[in-house]
Amino acid sequence: MSLWGRRRPASAGALVVVLIAAMLAFGPLPASAAGSVLFDQPFRNNTANGIGAVAVPGVPVLLGTNAACLTAAGNSTTGPLLSCTTSTDPQGSGKLRLTPATLNREGGVVGAVSVPTSQGIHVTFNTYQYGGTSTGADGLAFVLAAVDPADPRSPSALGQPGGSLGYSAAFNGTSAGLSNGYLGVGLDVFGNFSNSVYQGTGCTNPPYISTTGGRVPGQVVVRGPGRNSVGYCAVNSTAGSTSAPALPLRASTRAASVVPVEVVINTTSSPYTTDTGITTPAGQYRIRFTPVGGQARLLEGMLPVVSPSLYPSPTWLNANGYPRQVAFGWVGSTGSVTDFHEVDNARVVSFNPVPDLNVSQTSAVGPTPQPGDPVTYSITAGVDAGATETAPISVTQTVPAGVVPRAAYGSGWVCGAPSGQTITCTNSNGPFAGGTSLPPITVVATVTGAGVTPTQIQTATVATSSSIDANPGLATGATPVAPATAPTGVTVTPAQSSISGGIPVTVGGSNLTGATAITIGTTAEQQAGTSVLLLPCTSGPAPGCFTVNANGTLAISSMPARSSPGTVTVSVVTRGSAGSANYVYASTPGTPAAPTAVAGVTSATVTWTAPASNGSPITNYLITPIRDGVTQPTLTFDASTTSRTLTGLTAGSSYAFRVAAVNAFGTGAASPASAAVVPYTLPGAPTITSVTAGTTAARLSWTTPANGGSAITGYTVTPYLGGVAQTPQTFTGTATTQTVTGLTGGATYTFRVAAINAAGTGPQSAASASVTVNPAPTLTFAPPPPGKAYDPYQYQLTVNGGTAPFAWSVSAGSLPTGLTLDPVTGLLSGTPTVSGTFPFTVRVTDSFNQSATRPVELVINPLGGLSISVPAISTLGTVTSGATGVSGQLGPVTVTDDRGPFSGNWVSVVSSTSFTTGSGSGGETIPNSSITYASGAALAATGVGTFVPQPGAVLNTPRTAAQWTGQAGGANSATWNPTLWVTLPSGVVVGTYVAVVTHSVI
């Protein structure tokens, strides 16, 4: 075993037995002449400076930190065990304190490495449980756990606290126990180590285990193998039942609480008697302890045989089912009840001598390690003077966080692949005589984390040497050595290959001597420690390693393959240094994305984005047309551009295109096909189907011709006048009826039409039929005649020239109220309701949007009203003496009713003065009461209505002369010739009599 943390006894002597009140207590003992001292720690001082390094495992998360400490005061810096901060002892008088007397603490200490079981083991120690709650709790346990013989480090964490005593699972397997447990010997003060709650699954409980949650206090209980949540079942106890009386395993003071304990594990094939007198048959164990103030007691039983499937590998077990190597240690625990839990004079001895292995290591790294930098370790294992090791020896190294082991090699060593931070090498070339060293192992490691320091690498790298039957060696640090001068001017020849690799290359440069590895990878891979690593070849050139040429250069006989192209660094690693050069892994070019294609005249322009060259310049592009789904011959182009126009394509066919790139390593995969395009040519000639004259224009219609593979976007129409082409007119869009404007009215034209598409303008159609173009419209109608208010009016406006239909409107001024201009016929009509002179402008627009205007002035005469006309004078005649009267007609009286809507009814009123002659006195007057008026029938009448005559009325007062009853609003007139009768009174004198007859009308 290495001297890291180990001290050997100076001499051998007899067993010293101290008997105090019938109690055995173990003091420091020399080694038996027969066996090997594997561990001897009195724990008296403030450091664990006995034989065998110790470790302080972690505890379950809820407990925080491991409570273990040394009661000898004065050490606050040198680990892993420090001095306790309270209740301390002088140097030389201390103990290993597992827990203070406080609530809910767990503490434990284990040997840093395992011990072999091939020659059995005899363990002695004293326990002290005291000073806490009167009942004490929970207890203290000695534990054994199987370990990997090739990696003999002890478990990194203890089992569950409380009633599990740091060994077993808890709560029926809900919480895991000590990893890969083999035996747990519990000095169980409180009694829960006998509770089925504190074990794993799969147990059959003996009578002394409570299955009802009860306690069996003051017992020594043995629990067997378990892993994670399975097992840790009870195999022995000082109690025969759950009601067994408690044994005194604690006291109120340290001095009174000592309980000496011996554990004998006989894994050999023969009985064995210890130097303390305990005889243990093969395949059995013995546990002797002396309760406080009592006599020694002995527990005995068969060693548990472990199922090959319980531990991670059946190789951990020997042929009898016993672990080949076991870790050991002591654990104390408190809960809601407390005690101090302490141990001293801990000693582990084999029955017979075992090989004692040692190991040492060095490390080389630069002063400021960065991710990707190399770390070179050299590990030397050996066998201490004494027993010869016949079994293979394994060396396991665990590097600190931020560093990963990449590979290891050494003469005679077979090294496995790294696993996380660990790498293991095995040498099977034994036997290995005591006092000899094995060839060194070189471990190539890489810094992968930030902030890694050389000190961390030196102090946190652990190496072990072990076998199935030897006492392991342990190195808890690495001695620093200076890095070699870094390689410079590194070259790789040739510097490029395909991704399949396989070619030989030569690595040149300075300071290549002593190269330990060559790494090949990208910067990211180098920094992550995932690059390809080549070690020196063991027997000549071969894939996966390198050799040294006679001139000092390095030879790689077959470059490793790579999954994808790219530039990598080839880094030559020497002792803690490295130098590198670039190397290119190339392959055929990448796959272009689907190209774009634009159709042309029997052609297409294909454009694409250059793909990755994959380490070798692209020299050519291959374009494969696909016509109507059928692949056509591939065309080759140089790489000067990524756009090519392919000509000679068939117009109207559908084409898609694939593009592939070519470099020195071949042709890459073709791109996905482009979207299909259709090359095209000029459209065909249309056929004119109709042509009609318009106003200085013509309207043409034609058929759509074949489009030549490209959509028609417009048409060109060319007028011909007298066979001479005039200025063409172009129409965009697909309409096949258009109007050609700007023509000369009265001229005769023919027309030709040509279609337009992306290829240009196609051929002209045949000439159309000739058509004479209409002149622009003009207004030459005569001025409208005058009208009369409320009389119906009608006048037809006319247009010359233009093309029907026409649209008529008043563009300025306004029509008399009641008149309208028909927008279709141009008829001016209606009944005006106002009179006056009305100027306005007439506009006419034809179907070709050609217009003409003309100013017009329309006179509307007013109404005549209601009027009456009468004779100016009438003579009734001459009478002779004796006549009684005279009569006669006055002459025509005419009433004219021209009141428009107010016409229709009127009344004519007549009145008369008296007839007088001379001075009108006496007999010179004929009074109007002697005058009678009769209208007689109408001589003439107009309008719709009835003339009502006056049959006769005396005019001594105004009377109705006549009246009209007719249609409202209807003009009318009536003429009558009234008769006047005058009765001559007696006494009238002769004379000429005159009266005034007045007619009026209302």
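Looking at Thr761, Thr732, Thr739, which is the one that is surrounded by fewer than 19 Cβ atoms within 10 Å (Cβ to Cβ), over 55 Å from the mean Cα position of the chain (by Cα), on the phi < 0 side of the Ramachandran plot and at pLDDT 95 or above? Outline the logic, then answer.
Details: Thr761 fails: over 55 Å from the mean Cα position of the chain (by Cα); Thr732 fails: over 55 Å from the mean Cα position of the chain (by Cα).
None of the other options fit; the residue is Thr739.
Residues to consider are Thr837, Thr841, Thr820, Thr803; find the one that is of a type in the set (S, T, N, Q) and either within 30 Å of Gly723 (Cα to Cα) or not in a strand (DSSP E or B) (or both).
On the way: Thr837 fails: either within 30 Å of Gly723 (Cα to Cα) or not in a strand (DSSP E or B) (or both); Thr841 fails: either within 30 Å of Gly723 (Cα to Cα) or not in a strand (DSSP E or B) (or both); Thr820 fails: either within 30 Å of Gly723 (Cα to Cα) or not in a strand (DSSP E or B) (or both).
Step by step, each of Thr837, Thr841, Thr820, Thr803 is checked, and only Thr803 is of a type in the set (S, T, N, Q) and either within 30 Å of Gly723 (Cα to Cα) or not in a strand (DSSP E or B) (or both).
State all residues of the range 928-978 that are touching a helix residue (DSSP H, G or I) at 6+ places or on another chain (Cβ under 7 Å) and not in a strand (DSSP E or B); if no residue qualifies, say none. Before the answer, list the steps.
Keep residues of the range 928-978 that are touching a helix residue (DSSP H, G or I) at 6+ places or on another chain (Cβ under 7 Å), which gives 954-956, 969.
Residues satisfying the conditions are Leu955, Asn956, Gly969.
Given the criteria touching a residue at least 12 places away in the same chain (Cβ under 8 Å) and polar (S, T, N, Q), does Ser309 qualify? Steps first, please.
Working: touching a residue at least 12 places away in the same chain (Cβ under 8 Å): no; polar (S, T, N, Q): yes.
Here the answer is no, as Ser309 does not meet what is asked.
Only one residue in Thr85, Thr133, Thr117 is at pLDDT 95 or above, surrounded by fewer than 24 Cβ atoms within 10 Å (Cβ to Cβ) and over 49 Å from the mean Cα position of the chain (by Cα). Which one?
On the way: Thr133 fails: at pLDDT 95 or above; Thr117 fails: surrounded by fewer than 24 Cβ atoms within 10 Å (Cβ to Cβ).
Exactly one residue qualifies, and that residue is Thr85.
Quick one: Pro323 ticks every box in (1) assigned by TED's automatic domain parsing to the domain that holds Gln421; (2) within 23 Å of Ile468 (Cα to Cα) bar one, so which box is it?
(1)
Pairs, please: C-beta under 9 Å, at least 6 apart or cross-chain, first residue free of Cβ contacts under 8 Å to residues at least 12 places away in the same chain and assigned by TED's automatic domain parsing to the domain that holds Thr942 and in the range 903-922, second of a type outside the set (D, E, K, R) and part of a helix (DSSP H, G or I)?
Matching pairs, first to second residue: none at all.
Limited to the range 542-560, what total is found for residues that are more than 15 Å from Gly514 (Cβ to Cβ) and surrounded by 14 or more Cβ atoms within 10 Å (Cβ to Cβ)? It would help to see each step written out before you state the result.
Of the residues in the range 542-560, the ones more than 15 Å from Gly514 (Cβ to Cβ) are 542-545, 550-551, 555-560.
With surrounded by 14 or more Cβ atoms within 10 Å (Cβ to Cβ) added as a condition, the list becomes 543, 545, 555-560.
The number of residues fulfilling the criteria is 8.
Would a scan of the range 529-546 turn up a residue that is in contact with an Asp or Glu (Cβ under 8 Å, 6 or more places away or on another chain), of a type outside the set (A, V, I, L, M) and either under 23 Å from Val375 (Cα atoms) or touching a residue at least 40 places away in the same chain (Cβ under 8 Å) (or both)?
Scanning the range 529-546 turns up at least one residue that is in contact with an Asp or Glu (Cβ under 8 Å, 6 or more places away or on another chain), of a type outside the set (A, V, I, L, M) and either under 23 Å from Val375 (Cα atoms) or touching a residue at least 40 places away in the same chain (Cβ under 8 Å) (or both).
Could you give me the residue pairs with C-beta distances under 7 Å whose first residue belongs to the range 840-862 and is over 13 Å from Gly787 (Cβ atoms) and in contact (Cβ under 8 Å) with a residue 60 or more places away in the chain, whose second residue is basic (Lys, Arg) and surrounded by 15 or more Cβ atoms within 10 Å (Cβ to Cβ) wherever it lies, and which are 6+ apart or on separate chains?
As it stands, the answer is Val842/Arg854; Ser851/Arg843; Thr853/Arg843, since those pairs meet every condition given.
Any idea how many residues of the range 385-397 are in contact with a strand residue (DSSP E or B) (Cβ under 7 Å, 6 or more places away or on another chain), under 19 Å from Pro149 (Cα atoms) and surrounded by fewer than 19 Cβ atoms within 10 Å (Cβ to Cβ)?
Going through the range 385-397 one residue at a time, the tally reaches 2.
For Val573, work out the one condition from (1) surrounded by 15 or more Cβ atoms within 10 Å (Cβ to Cβ); (2) more than 24 Å from Gln370 (Cβ to Cβ); (3) not acidic (Asp, Glu) it doesn't fulfil.
Exception for Val573: condition (2).
Go through the range 283-395 and tell me which strands (runs of 3 or more DSSP E), entirely inside it, have 2 or more residues that are in contact with a Phe, Trp or Tyr (Cβ under 7 Å, 6 or more places away or on another chain). Lay out the reasoning, then the answer.
Values: elements: 284-289, 297-302, 325-333, 340-350, 357-364, 374-383.
Qualifying strands (runs of 3 or more DSSP E): 297-302, 325-333, 340-350, 357-364.
Quick one: in the range 814-839, which of the residues that are in contact with a Ser or Thr (Cβ under 9 Å, 6 or more places away or on another chain) and in contact (Cβ under 8 Å) with a residue 40 or more places away in the chain is surrounded by the most Cβ atoms within 10 Å (Cβ to Cβ)?
Applying the filter and picking the extreme gives Leu828.
Keeping to the range 91-114, report how many residues are more than 20 Å from Pro355 (Cβ to Cβ) and within 57 Å of the chain's Cα centre (by Cα).
Initial filter on the range 91-114 (more than 20 Å from Pro355 (Cβ to Cβ)): 91-110.
From what is left, the residues that are within 57 Å of the chain's Cα centre (by Cα) are 97-110.
Qualifying residue count, the range 91-114: 14.
So which of Thr506, Thr519 ends up being surrounded by fewer than 17 Cβ atoms within 10 Å (Cβ to Cβ) and touching a strand residue (DSSP E or B) at 6+ places or on another chain (Cβ under 9 Å)?
Among Thr506, Thr519, only Thr506 is surrounded by fewer than 17 Cβ atoms within 10 Å (Cβ to Cβ) and touching a strand residue (DSSP E or B) at 6+ places or on another chain (Cβ under 9 Å).
Please find, among Leu682, Leu649, the residue that is closer than 30 Å to Ala767 by Cα and either without any contact (Cβ under 8 Å) to a residue 12 or more places away in the chain or not assigned by TED's automatic domain parsing to the domain that holds Asn849 (or both).
Numbers: Leu649 fails: closer than 30 Å to Ala767 by Cα.
When all the criteria are applied, what remains is Leu682.
Report, by residue number, each residue of the range 961-980 that is over 14 Å from Thr942 (Cα atoms) and β-branched (Val, Ile, Thr).
Correct list: Thr979 only.
Taking the stated definitions as given, is Thr442 in contact with a Gly (Cβ under 7 Å, 6 or more places away or on another chain) and within 14 Å of Ala478 (Cβ to Cβ)?
On the way: in contact with a Gly (Cβ under 7 Å, 6 or more places away or on another chain): yes; within 14 Å of Ala478 (Cβ to Cβ): yes.
Spelling it out, Thr442 is indeed in contact with a Gly (Cβ under 7 Å, 6 or more places away or on another chain) and within 14 Å of Ala478 (Cβ to Cβ).
Could you check the range 601-631 and list, in sequence order, the residues that are among the polar types (S, T, N, Q) and either surrounded by 21 or more Cβ atoms within 10 Å (Cβ to Cβ) or farther than 28 Å from Ile756 by Cα (or both)? Steps first, answer last, please.
Within the range 601-631, the subset among the polar types (S, T, N, Q) is 602-603, 605, 607, 609, 613-614, 616, 619-620, 624, 631.
Thr609, Ser613, Asn614, Ser616, Thr619, Asn620, Thr624, Thr631 - these are the residues of the range 601-631 that are among the polar types (S, T, N, Q) and either surrounded by 21 or more Cβ atoms within 10 Å (Cβ to Cβ) or farther than 28 Å from Ile756 by Cα (or both).
Just a yes or no: is a residue in the range 377-389 of a type in the set (S, T, N, Q), at pLDDT 95 or above, in the same structural domain as Thr476 (by TED's automatic domain parsing) and within 25 Å of Thr459 (Cβ to Cβ)? Don't jump to the end; show me each part of the working.
Going residue by residue through the range 377-389, those that are of a type in the set (S, T, N, Q) are 378, 380, 388.
If we keep only those that are at pLDDT 95 or above too, we end up with 378, 380, 388.
Cutting the leftovers down to in the same structural domain as Thr476 (by TED's automatic domain parsing) gives us 378, 380, 388.
With the extra rule that they be within 25 Å of Thr459 (Cβ to Cβ), the set shrinks to 378, 380.
Yes, because at least one residue in the range 377-389 is of a type in the set (S, T, N, Q), at pLDDT 95 or above, in the same structural domain as Thr476 (by TED's automatic domain parsing) and within 25 Å of Thr459 (Cβ to Cβ).
Within the range 615-638, take every residue that is under 21 Å from Ala656 (Cβ atoms) and not in a strand (DSSP E or B) and give me the one that is nearest to the chain's Cα centre (by Cα).
Our first condition is that a residue be under 21 Å from Ala656 (Cβ atoms); within the range 615-638, this holds for 620-637.
Remaining after also requiring not in a strand (DSSP E or B): 628-629, 632-634.
On the way: Asp628: 39, Gly629: 37, Gln632: 41, Pro633: 43, Thr634: 40 Å.
For the range 615-638, the residue satisfying everything is Gly629.
Just checking: which of the strands (runs of 3 or more DSSP E) contained wholly in the range 520-614 hold 3 or more residues that are in contact with a helix residue (DSSP H, G or I) (Cβ under 9 Å, 6 or more places away or on another chain)? Reasoning before the result, please.
Numbers: elements: 532-536, 545-548, 554-556, 566-574, 577-586, 596-600, 603-607.
Filter on the range 520-614 gives 566-574.
Please give the strands (runs of 3 or more DSSP E) falling wholly within the range 423-499 in which 1 or more residues are touching a helix residue (DSSP H, G or I) at 6+ places or on another chain (Cβ under 8 Å). Before the answer, list the steps.
Working: elements: 441-447, 462-466, 473-475, 488-493, 496-498.
By residue number, 441-447.
Under 8 Å between Cβ atoms, which residue pairs at least 6 apart in sequence (or on different chains) link something in the range 491-505 that is without any contact (Cβ under 8 Å) to a residue 60 or more places away in the chain with a partner that is exposed (fewer than 13 other Cβ atoms within 10 Å of the Cβ) and not acidic (Asp, Glu)?
Ile503/Pro494
Go through (1) out of contact with any Pro (no Cβ under 9 Å at 6 or more places or on another chain); (2) more than 30 Å from Thr485 (Cβ to Cβ) one by one and return the number of the condition Ala581 breaks.
(2)
Could you grab the pairs with beta carbons closer than 6 Å, sequence gap of 6+ or different chains, first residue in the range 452-480 and closer than 29 Å to Ile121 by Cα, second one hydroxyl-bearing (Ser, Thr, Tyr) and assigned to a strand (DSSP E or B)?
Between residues of the range 452-480 that are closer than 29 Å to Ile121 by Cα and residues that are hydroxyl-bearing (Ser, Thr, Tyr) and assigned to a strand (DSSP E or B), the close pairs are Val462/Thr398; Thr464/Thr396; Ser466/Ser394; Pro472/Thr464; Pro472/Ser466; Gly473/Ser465; Leu474/Thr464; Ala475/Ser360.
The values are calculated or read from the model by the stated rules, or taken from the named source; none is laboratory data. Computed from a predicted model, the values in this text were never measured in an experiment. Using ideal geometry, Cβ is built from the backbone for each residue, glycine included, and neighbour counts are taken over all protein chains shown.
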